[in-house]
1. Using 22 Å as the Cα-Cα cut-off, could you pick out the over-long pairs in A:Lys289/B:Lys148; A:Lys107/B:Lys193; A:Lys289/B:Lys86; A:Lys88/A:Lys289; A:Lys201/B:Lys19?
2. What does the helix-only formula give at 222 nm for chain B: each DSSP H stretch with n ≥ 4 adding -39500 (n - 2.57), the total divided by the residues, and the result rounded to the nearest 500 deg cm²/dmol?
3. Can you work out the FRET efficiency for the pair A:Ile32 and B:Leu10, with r the C-beta to C-beta distance and R0 = 41 Å, to the nearest 0.05?
4. From Cα pairs below 8 angstrom and at least 6 apart in sequence, can you work out the relative contact order of chain A, rounded to a whole percent?
5. Which ³J(HN,Hα) values, rounded to whole Hz and listed in residue order, are derived for the stretch B:9-21 from phi using the Karplus coefficients 6.51, -1.76 and 1.60 in 6.51 cos²θ - 1.76 cosθ + 1.60 with θ = phi - 60°, glycine and proline given as x?
6. Could you pull out every residue, at least 5 positions away or on a different chain, whose amide H is within less than 5 Å of the one on A:Val86? Hs are placed 1.01 Å off N in the peptide plane, and Pro or chain starts have none.
7. Please work out how much length the chain gains when fully extended from A:Tyr96 to A:Met283, using 0.36 nm per residue of separation minus the C-alpha to C-alpha distance, in nm with one decimal.
8. How much length is gained on full extension from A:Lys14 to A:Leu172, taking 0.36 nm per residue of separation minus their Cα-Cα distance?
Amino acid sequence: MSFFTSADVTTGQKLLEIIYIVIGLITLYTGIKNATDKENPNRVGTAVFWCTLGVVLAFGRWIPPMVDGALIIIMTIPAILHKVGVGKTANPTEEYSKSVFDKIGMKIFLPALSIGICAVGFAIFLPQLGAMVGIGAGIIISIILLIVFNPDNKPAVFLTDSERLLSQVGPLSMLPMLLASLGAIFTAAGVGDVIAGLVGKVIPQGNVNVGIIVFAIAMALFTVIMGNGFAAITVITVGIGAPFVLAYGADPVIIGMVALTCGYCGTLSTPMAANFNIVPVAMLEMKDKFGVIKNQLVPAALLLAFQIAYMIIAK
Amino acid sequence: MALIKLLGVLIVIVGFALKLDSILIVISAAIVTALVGGLGVTGLLETLGTTFVANRSMAIFILIMLVTGTLERNGLRNAAAALIGKVKNASPGKIIGAYGIMRAVFAAFNASFGGVAGFVRPVIMPMMEGSIESRGLKINEDYMDNLKGMASGMENIAWFFCQVLFVGGAGGLLVQSTLEPLGYHVELIDLAKAEIPVAIFAVIVGIVYYYIRDKKLAKKYYGEDIAKIAVEEEK
């Protein structure tokens with residue numbers, strides 16, 4: 001409690017911590033709901049996963065780091081054993097959505113857009129609070145609008161719907177956070193220095209432009225191999241981006257961010273990214289298994305070239 | 001033996017390439033790297049705990065889910081279908097382009113309408129089929145196959161390169177937390193701004209490329225017929 005009354009902590013940090021507590025509570029609710037859900041085939045595993053995650057998200061700040069780390073490891077066990085399942089879900093019916101749309105109409109776009117508008121608005125006009133708190137404010141506006149538009153939207157509806165979505169995306173939704181932690185472990189263990197030493201034997205050190213080209217192409221190639229741009233960015237930024245580009249004073253904002261979308265060019269070109277390139281083939285009943293990828297190769301190549309040029313010019 | 005430190009990186013690359021369980025890959029790589037890198041069990045748990053808690057902003061998507069499902073329940077997808085339905089008498093290439101613009105704009109606000117399963121198949125495909133039939137032509141399967149590929153491509157391109165404009169999206173957050181331990185502090189809004197030229201270029205490339213490709217394919221599969229119709233339309 002002293003955290004929230006302390007004068008040393010900024011209002012932005014306090015509000016952010018409240019947001020994390022709300023996120024943690026939604027996650028805890030998901031765990032508890034599934035623990036008591038007879039239709040969930042893996043009640044225990046599902047509950048362990050979401051409840052440990054909820055505790056770390058909501059109260060991680062006040063828990064010793066070692067205990068947080070141990071809880072994360074415990075969390076991943078049911079996920080790895082595929083014991084995190086989906087229970088009873090109440091998907092909205094097509095008829096219901098249509099009938100509400102007939103009432104609300106195009107106004108439904110307002111609550112959908114309010115979150116992004118608040119995020120940008122807070123980041124620009126209230127930087128001491130920041131984009132994350134802006135998202136929180138946008139969510140509140142969005143909820144109020146939805147309640148005003150349709151009295152059926154009771155608080156329980158929002159909670160049930162978020163539990164439904166969270167259960168459906170499942171443990172894989174934690175992948176970006178785990179990858180970010182892995183990146184930090186790579187850095188702490190000195191992995192970046194070793195890769196840098198190896199790459200340094202092949203490409204000349206000190207030439208930022210060559211570094212940018214290698215960084216961008218490596219991002220795309222590793223994403224093609226791994227099928228996941230998020231996995232590539234943690235490894236390649238630590239190993240190539242930092243020592244060969246950023247160390248020479250290039251702008252970390254432009255280089256760090258655009259490298260990720262260079263990776264996305266790889267995502268467009270690989271069957272490894274099955275969700276985006278192979279699943280649609282089945283869903284649309286296409287004859288050519290590579291029908292989606294073939295239609296993406298030219299844009300991917302043009303985009304990679306554009307981004308390399310952009311990074312070199314704007315660095 | 002510095003090279004042994006790369007064991008974790010190898011696990012990530014090979015693991016993802018072999019499509020092993022993603023979380024298993026990441027946790028094994030973390031444990032192996034911590035052990036061969038001299039962090040030990042204590043160092044592993046401490047680094048994992050500290051960074052995970054420091055990166056909780058990446059869990060903001062859970063808060064956003066508080067409204068995503070309810071928006072869908074209240075007809076967001078129907079509204080999007082009604083919006084794109086206003087594009088009348090357009091060739092399949094133009095329909096794909098219009099969808100690209102709509103998807104791009106909403107991606108910047110992190111709003112999606114259900115992807116290929118939820119939107120392309122039930123809304124965009126019938127629109128393209130209707131567009132072909134309204135010209136008195138029969139559906140050619142190979143042509144349709146390519147149109148499906150192009151619609152999926154537009155869907156992916158617009159989503160990938162415009163969702164990074166959303167301040168607080170997973171991409172920007174991951175970049176921010178990857179750069180932080182390397183000693184570079186960056187703001188989310190600046191990361192989003194850096195992607196504006198890329199996003200605009202991506203949408204234009206998608207629209208122009210698929211428009212030209214559709215014209216070429218229509219000529220290939222319908223030849224003279226399509227030319228005749230074009231002339232009649234002009235009269």
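1. Numbers: A:Lys289/B:Lys148 12 Å; A:Lys107/B:Lys193 28 Å; A:Lys289/B:Lys86 32 Å; A:Lys88/A:Lys289 34 Å; A:Lys201/B:Lys19 31 Å.
Where the Cα-Cα span goes over 22 Å, the pairs concerned are A:Lys107/B:Lys193; A:Lys289/B:Lys86; A:Lys88/A:Lys289; A:Lys201/B:Lys19.
2. On the way: 12 runs with 167 residues, N = 235.
About -23000 deg cm²/dmol.
3. Numbers: r = 40 Å, r/R0 = 0.96.
For A:Ile32 and B:Leu10, the calculated efficiency is 0.55.
4. Numbers: 378 pairs, mean separation 37.7, N = 315.
Relative contact order, chain A: 12 percent.
5. Those phi angles translate into 4, 4, 4, 4, 5, 5, x, 5, 5, 8, 6, 6, 4 Hz.
6. Under 5 Å from the amide H of A:Val86 lies no amide H from a residue far enough along the sequence or on another chain.
7. On the way: separation 187, 0.36 × 187 = 67.32 nm, distance 2.44 nm.
Between A:Tyr96 and A:Met283, full extension yields an extra 64.9 nm.
8. On the way: separation 158, 0.36 × 158 = 56.88 nm, distance 2.88 nm.
Here the segment from A:Lys14 to A:Leu172 would lengthen by 54.0 nm.
The values are calculated or read from the model by the stated rules, or taken from the named source; none is laboratory data. Just so it is clear, the model here is predicted, and its values are computed rather than measured. All Cβ positions, even for glycine, are placed from backbone atoms using ideal geometry, and neighbour counts span all protein chains on display. Surface accessibility is based on the protein's heavy atoms, side chains included, excluding ligands, DNA and RNA. Shrake-Rupley method; radii C 1.70, N 1.55, O 1.52, S 1.80 Å.
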